[in-house]
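Report on the structure given below.
The values are calculated or read from the model by the stated rules, or taken from the named source; none is laboratory data. Nothing here was measured: the structure is a model prediction, and the numbers come from that model. Methodologically, a virtual Cβ is constructed for each residue, glycine included, from the backbone with ideal geometry; neighbour enumeration extends over all protein chains shown.
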Amino acid sequence: MSIALFIFLLYKGVQIYSGVLIIYALLSWFPGAYDSTFGRLISRISEPYLNLFDRLNLSIGMVGFNVMIAIIVLNLVASGLGRILQSIIY
């Protein structure tokens, strides 16, 4: 039962962090949004993970796809880990 709770918390944590990454991406639409207190908080939470994807050069023209790829990878890893843990239980 405790592994099932861990899997549930893992999925909820991934959902929350994905939301933070989406907010980080939306802040780029507003000039000076990263300089606000809220923007600095979101940047501190998001940038360590997003820096892993900066080396891949995932931008086409002025549009960057780092956040989208980061969310997809995060969800794939969480799903894979959840399936591995479920296979251990059953």
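Each row is one residue, and each column tells you yes or no for (1) surrounded by fewer than 13 Cβ atoms within 10 Å (Cβ to Cβ); (2) of a type in the set (D, E, K, R); (3) farther than 22 Å from Gln15 by Cα; (4) out of contact with any Ser or Thr (no Cβ under 6 Å at 6 or more places or on another chain).
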| residue | (1), (2), (3), (4) |
| --- | --- |
| Arg44 | yes, yes, no, yes |
| Arg55 | yes, yes, yes, yes |
| Ser59 | yes, no, yes, yes |
| Ala70 | no, no, no, yes |
| Leu85 | no, no, no, yes |
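Residues being β-branched (Val, Ile, Thr) and either over 30 Å from Ile3 (Cβ atoms) or touching a strand residue (DSSP E or B) at 6+ places or on another chain (Cβ under 7 Å) (or both) are represented in segment 64-73 by at least one member. Which residues, taken from segment 48-81, are among the small types (Gly, Ala, Ser), closer than 21 Å to Leu26 by Cβ and modelled with pLDDT of 90 or more? Ala70, the sole residue that qualifies.
Beta carbons closer than 9 Å, at least 6 apart along the sequence or on distinct chains, pair a first residue in segment 74-90 that is within 10 Å of Ile3 (Cβ to Cβ) with a second that is assigned to a helix (DSSP H, G or I) and among the small types (Gly, Ala, Ser) for Leu85/Ala4; Gln86/Ala4; Ile89/Ala4. Residues of segment 29-42 that are of a type in the set (Gly, Ala, Ser) and either under 29 Å from Phe8 (Cα atoms) or surrounded by 12 or more Cβ atoms within 10 Å (Cβ to Cβ) (or both): Ala33, Ser36, Gly39. Residues in segment 25-39: is at least one in contact (Cβ under 8 Å) with a residue 24 or more places away in the chain, closer than 30 Å to Ser2 by Cα and within 19 Å of the chain's Cα centre (by Cα)? The answer is no; no qualifying residue exists.
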